[in-house]
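Structure first, then comments.
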Amino acid sequence: MDGTNHMRIMGIVGSPRRGGNTEILVDEILAGAAEAGAGTEKIILNELNILSCQACDGCKDGGKCVQEDDMSELLEKMERCRIWVLGTPVYWWGPSAQLKAFIDRWYGANQAIFKGRTIILAIPLGSGNKKTAQHVVGMFNDIADYLGMNIAATVLALGAHKLGAVGKHASVLTNARQAGKQAVDRASWVQE
Ligand SMILES: Cc1cc2nc3c(=O)[nH]c(=O)nc-3n(C[C@H](O)[C@H](O)[C@H](O)COP(=O)(O)O)c2cc1C
């Protein structure tokens, strides 16, 4: 994988709302990572064609997913990035449909790309109660454990309902920026 000077981080936005709270958090994390010297890249899941897993096990039989869409190119890009920012709003106590379809497709991916990967979570929600995000956070914790990924930080933005509301929460923005910066600083010291 790339060394310090070529450290790359990818922001993955799971909200369909451009300029929304998820994108703002992801942007802020990427800005912190850029301050620490990382190259950044961002993708909006809603603007890609990512079909849902059909549970056909074609990936297990043929070594490749049967779906012909943007997922294989996205996985190749992700593989080149040492850190992934996974952003989703809370929708009905869970992640967005776009984020979930994307995660389901990890089933057919080469599992080696996940092991040892650093991820940062970015999760806005309308509720002011942290418990409302428990299933989304729990889902990511269990997936990370299962796949051997390391969650560097979980940035929650409570009480963020309206478009861009999180932009007015200075402390959340600071947390997000620091999460990006610290993850890059830490990853720079860890040998692959
Ligand atoms: C379909 C839908 C379901 C939602 N469900 C919840 C929910 O269960 N709990 C909650 O606190 N907020 C819920 N919200 C509010 C969003 O989590 C909140 O507005 C978030 O900031 C949206 O992020 P975005 O601006 O990136 O789209 C929901 C919003 C939508 C559109």
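Since every read-out is calculated from the coordinates, none of them should be taken as a lab result. Computed from a predicted model, the values in this text were never measured in an experiment. Every residue, glycine as well, gets a Cβ built from its backbone with ideal geometry; the counts of neighbours run over all protein chains shown.
Quick one: what are the phi-derived ³J(HN,Hα) couplings along the stretch 87-93, Karplus 6.51/-1.76/1.60 with θ = phi - 60°, whole Hz, x for glycine and proline?
Rounded to whole hertz, the list is x, 8, x, 7, 10, 6, 6.
First select every other residue whose beta carbon is under 11 angstrom from the beta carbon of T174; then total the charges, Lys and Arg +1, Asp and Glu -1.
Details: positive: R177, K181; negative: E28.
Residues close to T174 contribute a combined charge of +1.
Would you grab the residues whose amide H sits under 5 Å from the one on V155? Only those 5+ places off in sequence or on another chain, please, with H modelled 1.01 Å from N.
Placed amide hydrogens put L121, A122, I123 under 5 Å from V155.
Bin all alpha-carbon pair distances of the stretch 95-192 at 10 Å intervals from 0 and give each bin's fraction as a whole percent.
14, 40, 35, 11, 0
Using the Karplus curve 6.51 cos²θ - 1.76 cosθ + 1.60 with θ = phi - 60°, work out ³J(HN,Hα) for each residue of the stretch 55-69 in order, rounded to whole Hz, and write x for Gly and Pro.
6, 8, 6, x, 5, 7, 6, x, x, 8, 5, 6, 6, 9, 8
State the volume of the convex hull built on the alpha-carbon positions of the stretch 135-175, expressed per residue in Å³ and rounded to an integer.
79
Which number do you get for Rg(Cα) / (2.2 N^0.38 Å) in the stretch 1-125?
Values: Rg = 14.7 Å, N = 125, 2.2 N^0.38 = 13.8 Å.
So the Cα radius of gyration is 1.07 times the expected 2.2 N^0.38 Å.
Kindly put S127, S15 in sequence by how many other C-beta atoms sit within 10 Å of each C-beta, fewest to most. All intermediate terms of the calculation are to be shown ahead of the outcome.
Working: S127 14, S15 26.
So the residues, fewest neighbours to most, are S127, S15.
Please list, in chain and number order, the residues 5+ apart from T118 or on another chain whose amide H is under 5 Å from its amide H, with Hs placed from the backbone.
W84, N150
Using 0.36 nm times the number of residues separating Y91 and V190, minus their current alpha carbon distance, what extension gain do you get?
32.1 nm
Quick one: net charge around H135, please, counting Lys, Arg +1 and Asp, Glu -1 for every other residue with C-beta under 15 Å from its C-beta.
Local net charge: +2.
So how far apart, in nm, are the two label points at E47 and D70 if each is 7 Å from Cα heading toward Cβ?
0.8
Counting just the Cα atoms, what span does the stretch 51-93 cover along each of its three principal axes? Round to the nearest Å and put the largest first.
Largest to smallest, the principal-axis extents are 33, 31, 16 Å.
Work out which helices of the chain, taken as complete DSSP H runs, extend at least 27 Å along their axis over the Cα atoms and score a mean Kyte-Doolittle of -0.5 or more, then list them.
Helices meeting the criterion: 170-189.
Only counting other Cβ atoms within 10 Å, I'd like S188, S96 sorted with the fewest neighbours first.
By the 10 Å Cβ count, ascending, the order reads S188, S96.
Report, in cubic angstrom per residue, the convex hull volume of the C-alpha atoms of the stretch 3-62.
Enclosed volume per residue, from the Cα hull, is 114 Å³.
Here is the link list: K77/K131; K100/K130; K100/K131. Which ones come out longer than 23 Å on Cα distance?
As for pairs spanning more than 23 Å Cα to Cα, those are K77/K131.
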